[in-house]
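What follows is a set of notes on a single structure, which appears directly below.
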Amino acid sequence: MSKIYSFVIALIVWGMTITAKAQPIAVQNAFPNVGGFTQPIFLTHSGDGSNRIFVAQKNGLIYVFQNDSTVSTRNTFLNISNKIVTGGGGDERGLLGLAFHPDYSTNGYFYVNYTAPSPLRTVISRFKVSSGNPNKADSLSELIIMEINQPYSNHNGGMIFFGDDGYFYIGMGDGGSAGDPGNRAQTITEKLGKILRIDVDTTVGAQNYGIPPTNIYADTGAGAKEIYALGIRNPWRMSQDPVTGFIYCGDVGQGSWEEIDIIQNGKNYGWRCYEGNNPYNTSGCGPQGNYTFPISAYGSNSPDCSVTGGYVYRGTRRPELAGRYIYSDYCSGRIRKLYYNGSTVSEEQILLTQSSILSFGVDQQNELYMCANNGTIYRFNLNTSVGITNNNNNAPSEYSLEQNFPNPFNPTTSIRYSLPQISSVKLTIFNSLGKEVRTLINTTQTAGKYERQWDGRDNNGQQVSSGVYFYTLNTEDFTDSKKMLLLK
Ligand SMILES: [Ca+2]
């Protein structure tokens with residue numbers, strides 16, 4: 001420590017500037033003083049501006065605490081351990097989902113999804129916060145919205161959330177066992193193996209919910225009116241990107257393929273006819289064109305085994321992940337980022353955690369968290385560099401290369417960068433094969449902030465083709481590259 005320290009001090013004394021690239025992405029304990037959790041299967045917020053975190057455990061407890069890394073106290077918001085059936089380890093039953101009503105700040109309603117015994121079934125129910133204590137639910141306020149019998153103990157899905165259309169979405173597994181022996185996911189009169197969508201703000205007779213009129217079977221009644229999408233095996237986490245509106249779903253595979261789907265009204269996602277992009281059991285199935293295939297699939301061979309779907313990153317700790325769908329695999333612990341623009345997909349691994357990620361969740365600011373089986377809630381480390389401020393207050397404090405905008409683009413995009421001191425600067429565009437396409441800047445520039453446009457033309461003035469390109473900023477003390485997408 002002492003060596004580095006004296007080095008830093010010396011540089012401050014001389015009034016010089018050093019910079020370093022951003023710290024690599026890692027995960028850190030988000031709430032190290034709040035105590036461990038027992039199989040935390042979800043994290044969310046109440047959307048009421050109170051900036052609290054709610055963590056649901058499989059064993060039926062929901063904790064609430066302030067969203068602060070130094071927080072050391074938590075309250076038990078709700079305990080429904082007496083209503084659920086569960087087990088330890090890989091038992092897939094228990095409290096599986098939690099969602100707060102969009103008008104929670106006025107009506108105090110929140111919803112849970114849990115597995116109940118005798119008969120084994122999924123229960124979706126509503127509770128209300130207590131009138132006197134915002135950190136305590138009224139445990140006697142339960143209103144059952146829906147119950148769905150479960151033929152086997154596994155594949156209970158569990159995700160519930162309010163979409164940007166105001167409707168309530170439910171992820172239902174295929175009922176369990178293996179290979180969907182009852183062909184439930186393809187049976188339109190069954191709620192199992194489906195994504196359901198209901199209106200919890202309406203009642204119809206004795207039914208504590210209404211049917212959105214645009215659900216595919218809402219009018220005909222040929223199938224269950226609650227169905228939004230079909231052919232799902234075991235949706236383990238689903239989320240809607242608040243910017244694009246895409247609903248991402250991680251659907252756990254049988255034994256060969258894990259998949260990420262974009263869920264749309266009326267689509268059939270293939271299970272048990274298809275697992276990922278591959279036939280599984282096509283007996284009685286329609287033509288391939290009847291089914292919607294994943295935007296991404298990966299083999300569930302060791303060390304991978306089971307997808308944990310996540311969220312499109314809209315937080316602030318790692319700006320370079322903006323717009324990327326972040327997800328994991330329960331067994332390998334790897335975390336990947338996926339970029340989907342509505343037609344094409346690119347993805348890569350961000351890091352390998354040492355933990356099994358049970359679920360992701362977001363807080364009120366859309367920052368992303370990871371609930372691990374070891375009982376820890378993780379988040380990404382901050383994107384900070386270890387640069388030291390220049391004595392010149394007008395100059396940027398460090399080198400930086402920003403993400404181009406717009407991106408994707410056609411045909412022109414802007415690239416911004418900052419120089420803390422006079423630098424020999426080269427800004428270059430490369431294609432995906434690493435071949436130089438265009439030199440934008442190759443000169444000496446003084447300290448300051450710069451913006452440079454690229455018009456999609458190469459060094460010969462020719463328009464280049466659609467695809468992925470990279471831009472690289474090179475100075476004596478700094479190098480960074482970023483990816484961009486030219487769409488035509
Ligand atoms: Ca599928």
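The values are calculated or read from the model by the stated rules, or taken from the named source; none is laboratory data. All values derive from a computational prediction rather than experimental measurement. Glycine also receives a Cβ, built like all others from the backbone with ideal geometry; neighbour counts cover every protein chain displayed.
Values computed for the structure shown
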quantity: Residue tally, condition over 28 Å from Asn341 (Cβ atoms) and crowded, with 17+ Cβ neighbours inside 10 Å, over the range 405-434; calculated: 5
quantity: All positions within the range 465-487 that are part of a loop (DSSP other than H, G, I, E, B) and hydrophobic (A, V, I, L, M, F, W, C); calculated: Phe478, Leu487
quantity: The range 103-126: number of residues that are buried (at least 16 other Cβ atoms within 10 Å of the Cβ) and within 26 Å of the chain's Cα centre (by Cα); calculated: 14
quantity: Matching residues, the range 276-320, being in contact (Cβ under 8 Å) with a residue 40 or more places away in the chain, more than 22 Å from the chain's Cα centre (by Cα) and within 16 Å of the ligand (Cβ to nearest atom); calculated: Tyr280, Asn281, Cys285, Tyr291
quantity: Selection from the range 242-271 of residues that are more than 20 Å from Asn341 (Cα to Cα) and either among the aliphatic types (A, V, I, L, M) or surrounded by fewer than 24 Cβ atoms within 10 Å (Cβ to Cβ) (or both); calculated: Val252, Gln254, Gly255, Ser256, Trp257, Gly266, Asn268
quantity: Enumeration of residues in the range 448-477 that are in contact (Cβ under 8 Å) with a residue 60 or more places away in the chain and of a type in the set (D, E, K, R); calculated: Asp477
quantity: Asp241 being in the same structural domain as Glu348 (by TED's automatic domain parsing) and within 13 Å of the ligand (Cβ to nearest atom); calculated: no
quantity: Test: residue in the range 202-209 that is over 21 Å from Ala99 (Cβ atoms), of a type outside the set (A, V, I, L, M) and surrounded by fewer than 20 Cβ atoms within 10 Å (Cβ to Cβ); calculated: yes
quantity: Residue in the range 198-208 that is modelled with pLDDT of 95 or more, under 16 Å from Ser283 (Cβ atoms) and assigned by TED's automatic domain parsing to the domain that holds Gly309 present; calculated: no
